[in-house]
Amino acid sequence: MHLRKMAVVLLAGTLFCTTFKSNQANAASNEVPIEKVFQSMGYKVEKIGGSIYISREKDDRIRLKPKSRSAVKNGKKFILKKPISYDKKLKKFVISVYDVYWLAKEDNKEKHYRVEKGDTLSSIAKHFNTTTDNLKEWNNLKSNLIVPGQHLHIKDPVYIVQPGDSIWEIAHKTENTMDDIISLNDLTMQMVFPGQKLILPLQPSLKPPNYFSTGVFPLAQETYDPFAGGFGDGRSFSIDGKARRHEGIDIMATKWVPVFSATEGVVDKIGWNTLGGYRVLIKAKNGMRLYYAHFMQYAPGLKKGQKVSKGQLIGFVGNTGYGKKGTNGKFLPHLHFGIYGANGKAIDPYPYMQWWEIQP
C-alpha cells in the first residue's frame, strides 16, 4: 500500500472512533465535522487565524471562514449551501453534507476532452489555450477532422514522474489505469523514478449511457483504487446456500472515505441488509434505483423518504455485511455500487461509472 494512502487509513481510523449509533444522534444537523471528512480524503486541515485551510498537493487549496457561506477554492470564490458553523457538542467546525463533494471535486485535472457536436479542432485549441498543431501532435492526427464522442489529449501526454509518485498515483492524477500506463510504456515492473518520462494513454471514446449521463462518480478523485468490471461474477457468501451473482461493481477504498449520491432522487430503503451491511437504495425520477452498500456509517440526517441531491454526501466507505446487524471485517473495505431498472432487474453499472469518472 502506498505510504500516503496508508497514512489516510490510520488517520481515518483514529478520527472516526465513535460508534455508529452515537454518530446518528446528531443526524438532524445534516452537517459533518470538516476535519474528519476532509482528512479521510487525504487532505490536511489547519485553523490559522480566523480561517480554516484545507490542502492536498499544491493545486488543491480551500479556505473556509466560520459563520460564512463564502469559500475560496484554488483562488476562486465558491458559495456554500450553508455557512460554516461550530458544533458545541462535537467541539468541531462542521460543514453541510451538500457542500463536501463540490469542494473536494478536483479542478483542472482533465487530461483529455470529449468532442461535442459543432466542435472544431481550432475551437477546442482556443478554449484550452493551445494550438491546433499541438492537438494534432498530441493525438497523432493526420488532419483536422474530428468527430463527436472522440477523445483528445488537451495537454502534452508526456508525464514527468514527480518525487513520491507511484503508478497508482499517476493513474489517478491522469484519469488512466495502471495497466494501460504500464503497457503503453513497456514497463517491466510497477516502479517509477523521479524525472522519468511516461506517455499517457488516450482515453477510449465512450458514448454517454442511456440514463444518468450528467451523474457524478460516487467517490472523490484520488480516494479510491482503479476499478474494473465484475458484474455477474459468482459470489461465495449466500443466505440460503444457493449460488448468486454479483449485481454491481466494487470500488476499493479505505474506511471512512466519503460516498456521494451519483444522482438526485429519494431514499427508498436505508438500514441493515445481511449482504449489503449498512446500505442505501436511492430511487431516481425515472424509477430506476441506485444501490450503495457496506457503509461504516450514514451521513447525518439521511432517512427514508428524504430527497437527495446529486453530489450529496450519503455515507462512508466500510466493510459491513455478511452477517447479523453490525457485522464487519468479513472483506476488505469498499463501496459496492449497483443500478436496478424500474422492473427491479440489475443493470451493469460499469459503463455508467466509466462515463462519470471521466467527466470534468
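The values are calculated or read from the model by the stated rules, or taken from the named source; none is laboratory data. Small disclaimer: the values here were computed from a predicted structure and weren't measured. We place every Cβ from the backbone using ideal geometry, glycine too, and count neighbours over all the protein chains shown. Only protein heavy atoms, including side chains, enter the accessible area calculation; ligands, DNA and RNA are left aside. Shrake-Rupley method; radii C 1.70, N 1.55, O 1.52, S 1.80 Å.
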Calculate, for the range 101-181, the solvent-accessible area per residue in square angstrom, rolling a 1.4 angstrom probe over the heavy atoms of the protein chains.
52
With the full set of protein chains in place, find how many percent of the accessible area of the range 123-171 is carbon and sulfur; take the probe as 1.4 Å.
52
Principal axes first, then extents: for the Cα atoms of the range 39-144, list largest minus smallest coordinate on each axis, whole Å, largest first.
64, 25, 22
Does the range 207-360 come out rounded, prolate or oblate by the C-alpha gyration tensor, with a ≥ b ≥ c the root eigenvalues, rounded set by a/c under 1.5 and, if not, prolate when a/b is larger than b/c and oblate if not?
rounded
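Would you kindly state how much longer the chain becomes between Asn210 and Ser70 on full extension, computed as 0.36 nm times their sequence separation minus their alpha carbon distance, in nm to one decimal?
46.7 nm
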Quick note, the range 309-358: a/c under 1.5 would make it rounded; otherwise a/b > b/c is prolate and the rest oblate (a ≥ b ≥ c, C-alpha gyration tensor); here it is prolate
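So, by mean Cβ neighbours within 10 angstrom, what's the order for 254-266, 117-129, 275-287, 334-346 with the highest one leading?
Listed from highest to lowest mean packing, they are 254-266, 275-287, 334-346, 117-129.
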Report ³J(HN,Hα) in whole Hz for each residue of the range 277-291, in order, from the Karplus equation J = 6.51 cos²θ - 1.76 cosθ + 1.60 where θ = phi - 60°; Gly and Pro get x.
x, 6, 10, 9, 10, 10, 8, 7, 4, 7, x, 6, 10, 10, 10
For the chain, treating each Cα as an identical point scatterer without solvent, what Debye log10 I(q)/I(0) comes out at q = 0.08 1/Å?
-0.43
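Kindly state, to the nearest 0.05, the FRET efficiency for Phe193 paired with Tyr86, given R0 = 30 Å and r defined as their beta-carbon distance.
0.05
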In nm, to one decimal, how far is the modelled label at Ile79 from the one at Lys285, with both set 7 Å along Cα→Cβ?
2.2
